[in-house]
Each structure stands twice: as C-alpha cells, then as structure tokens.
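J.: One structure, as structure tokens, below. Some questions next.
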Amino acid sequence: MNRAQLRLAAFSKWVLTRRFHAPPEIEDLATFANEWLAWWNDNQPKWRQVSISGSLPLALSVAGKKDDLACLRKGGPSGIVTLLIALKWWAPIRDRDERWVVAVNDVRACLNEMMEGNKRKGVHLVEGSKKKRKTS
C-alpha cells in the first residue's frame, strides 16, 4: 500500500474541496484516530515502524547509530504539516483516547530530533543547498 492510500480520506477530501477555513466534520473519531496512527506509522523510517494496528511507532530511543528521521523532512500531501493538521482533528476525543497525548509527544520528540540536526548519522545538509557534507 502506498502513502496516498493510507492518507486519511477526510484529509484528502478536505484538501480537494479547498475549504481550508473549516475543518471537516469527522463522524467516527475513533476510526479516524486509528487511521491517523497507521498514516503516522507509515511515514516513519523502517526502524520505527510497527505492524500492530492502532499503535504508535517504536520509541526514538531504539535508534541505532545510523538511524535518522530524514524521511519525515518533507512537505506535500504526506508531509509533517499535513500530519499535524490531522492530529488536531483527533483532539476532540483526547479525553477518551489516551493515545492522542502519546501521539502529540511522539510528534514533538520527532520535531525536536529533527531541529537538533539528528547528528547520529553524521551527514547534514549544507546551509542553503541540497548538498550533503560529512561531519565528524
């Protein structure tokens, strides 16, 4: 299954209608939450992915020396901003679904890791270009 197939139907419809000022009405937020988790999991690097439906990816602490989060650094319909918007739509049932807080913390941890440059791998983008340089 490709990422477009896992993307939330509610999100795809919302983007197509271009009604960005009004979030969609989601009839079944519990199902939406499971779909969001599947989408978030699918966007993760292989070392974080889990095959258990409705579960969050593995913790960042399981990362090996060469593991990074580079695959999350993207825009577009499967980008991190898209995932954040959809995470907000899940929020109305956060009191009944403790996974929402855990998901928010996981997204925050990933963003923090990306902001720190994820130095584990030793390769960083050169400021202002797409060229990579080795770091020591």
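None of the figures in this text is laboratory data; all of them are computed from the coordinates on show. Here the structure is a predicted model, which is why all the values come from computation and not from measurement. We place every Cβ from the backbone using ideal geometry, glycine too, and count neighbours over all the protein chains shown.
J.: Can you work out the Karplus-derived ³J(HN,Hα) for every residue in region 92-107? Use 6.51 cos²θ - 1.76 cosθ + 1.60 with θ = phi - 60°, whole Hz, and x for glycine or proline.
T.: x, 10, 4, 6, 9, 9, 5, 5, 4, 5, 5, 5, 4, 5, 5, 4
J.: Multiply the residue separation of Ala59 and Ala22 by 0.36 nm, subtract the distance between their alpha-carbon atoms, and state the gained length in nm to one decimal.
T.: That pair, Ala59 and Ala22, stretches by 10.0 nm at full extension.
J.: Moving on. Output ³J(HN,Hα) for region 26-41: one whole-Hz value per residue in order, computed from phi by the Karplus curve 6.51 cos²θ - 1.76 cosθ + 1.60 with θ = phi - 60°, and x for Gly and Pro.
T.: Per residue, the Karplus-derived 3J(HN,Hα) values read 9, 6, 10, 5, 5, 5, 4, 4, 5, 5, 4, 4, 5, 5, 4, 4 Hz.
J.: Here is a follow-up. Pulled fully out, how much extra length does the chain show between Met114 and Cys71, if you take 0.36 nm times their separation in residues and subtract their Cα-Cα distance?
T.: Using 0.36 nm per residue and subtracting the Cα-Cα distance, I get 14.4 nm.
J.: Once R0 is set to 22 Å, what does the formula 1/(1 + (r/R0)^6) return for the Cβ-Cβ distance between Val104 and Ser51, expressed as a FRET efficiency to the nearest 0.05?
T.: With R0 = 22 Å, the Cβ-Cβ based efficiency is 0.45.
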